[in-house]
Amino acid sequence: MSMPLKLELGRRYRFSASHRLHTTHLTEEENSRVFGKCSNPYGHGHNYVVEVSVSGDVDPSTGMIANLADLDTFVARQVLDDFDHKSLNEDVPAFRDTVPTTENVCIEIFRRLKSFPKAKLERIRVEETAKNSFEYAGDHPEGNRL
Amino acid sequence: MVLITRKIEFSASHLYHNLNFSAEENRRIFGKCNNPHGHGHNYTLEVTVAGEPDPVTGMVLDLKELKEILEREVMQRMDHRHLNYEVPELAGQIPTCENIAQVLWRLLDPKITRGKLHHVRLYESPDLFADCYRNGAAAAGKQ
């Protein structure tokens, strides 16, 4: 019997949202020094890409770790419906008191998708722009890549 | 340890159908992918090999050698083929990204003798992919 392999399914989703990096824990001057342009009071937006990786056994009858329709529905309900064409600061309760940096967006998306019933959530990778991306894998410091 | 990745693209057709399911179940579970005449994708395969660079050549393995392995094992087998009917390694399996990635791993792993196969990522489209790793292998960041 051949050696067991670890399989993950990855899927990319998109949402567009605005945010402002600003915290009441800092003075106005400190906010603008730390966050620069991102602290503009009226906010600004990005086209975000969310990469979701799940793992599990491949069901021999379907060839799938999880049915894509189930994953798509879950991600839409848990994340995209709440984030797409919204202001992250104003419309997503988690960011009322937490700065919506993409680090924190990653963590929030992981938290919202962790309960996916059909497979194990391995990690979330978010591209804020094509030039920067962030990953979060819960308690796994190296991204849980086995 | 250094990771070295080579990317190739191949185009193939497939369809999802399980003979043990009713026509209605096949449609419900596989959706559009159950179209009896099949459909196709441009697949992108990323193959990552891990190893220490040779002190003389500075290489983990010669990329030319990896290119030849990928040509022989992947391109000749799958490029411009129907994955359900023309690839014996996939016979009896639903040719999903997950299953194709496993088959590719098992084809490539024994052929890569310099360095060690570390990661196979197969994209069916830019938004859908499967990752295959050796179970229990030490974690090492990629990307």
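Considering only DSSP beta bridges where both residues belong to chain B, give the percentage that are antiparallel (nearest 5). That works out to approximately 95 percent antiparallel.
Around residue A:88, under 12 Å between beta carbons, what's the net of Lys plus Arg minus Asp minus Glu among the other residues? Mind dumping the intermediate values first?
Numbers: positive: A:20, A:86, A:96; negative: A:82, A:84, A:90, A:91, A:108, A:128.
Every neighbour counted, the sum reads -3.
As I understand it, the value is the acute angle between the Cα axis of helix B:97-108 and the longest principal axis of the Cα atoms of chain B; what does it come to in degrees, rounded to 10? Roughly 40 degrees, rounded to the nearest 10.
I want to verify a result. In a Gaussian network model of chain B, Cα cutoff 10 Å, which of these has the top mean-square fluctuation: B:91, B:23, B:101? Between B:91, B:23, B:101, it is B:23 that shows the largest mean-square fluctuation. How high is the FRET efficiency from residue A:23 to residue A:59, r the C-beta distance, R0 45 Å, rounded to 0.05? For residue A:23 and residue A:59, the calculated efficiency is 0.50. For residue A:40 and residue A:90, a Förster radius of 22 Å and the Cβ-Cβ distance give a FRET efficiency of 0.90, rounded to the nearest 0.05.
Take every DSSP beta bridge whose two residues both sit in the protein assembly as shown; close to 95 percent of them are antiparallel.
Between B:88, B:55, B:110, the Gaussian network model of chain B with springs among Cα atoms under 10 angstrom shows the greatest mean-square fluctuation at B:55. Remark: the residue A:77-residue A:97 segment gains 4.9 nm on full extension, using 0.36 nm per residue and subtracting the alpha carbon distance.
Helix A:102-113 and the longest principal axis of the Cα set of chain A meet at an angle near 40°.
Both radii are taken from the alpha-carbon atoms of the protein assembly as shown; with Rh as the Kirkwood radius, Rg/Rh is 1.02. For chain B, set up a Gaussian network in which alpha carbons nearer than 10 Å are linked by springs, and say which option among B:44, B:113, B:57 fluctuates the most. Most flexible of the set in this elastic network: B:57.
What are the equivalent ellipsoid semi-axes of region A:13-138, built from the alpha-carbon gyration tensor (square roots of five times its eigenvalues), in whole angstrom, biggest first?
Details: eigenvalues 203, 33, 29 Å².
Each semi-axis is √(5λ); the values are 32, 13, 12 Å.
Counting pairs of alpha carbon atoms under 8 Å apart in space and at least six apart in sequence, what relative contact order in percent does chain B give? Across chain B, relative contact order equals 29 percent. Quick check: the distance between the Cα centres of region B:33-96 and region A:87-123, to the nearest angstrom? One Cα centre to the other: 35 Å.
In the calculated pair distance distribution of chain B, what percentage of Cα-Cα distances lie above 24 Å? When every Cα pair of chain B is considered, 36 percent fall beyond 24 Å.
Bear in mind that the values in this text are calculations on the coordinates, not laboratory data. As the structure is a prediction and not an experimental result, all values here were calculated from the model. Reconstructed Cβ throughout: ideal geometry from the backbone, glycine too, with neighbour counts over all protein chains shown.
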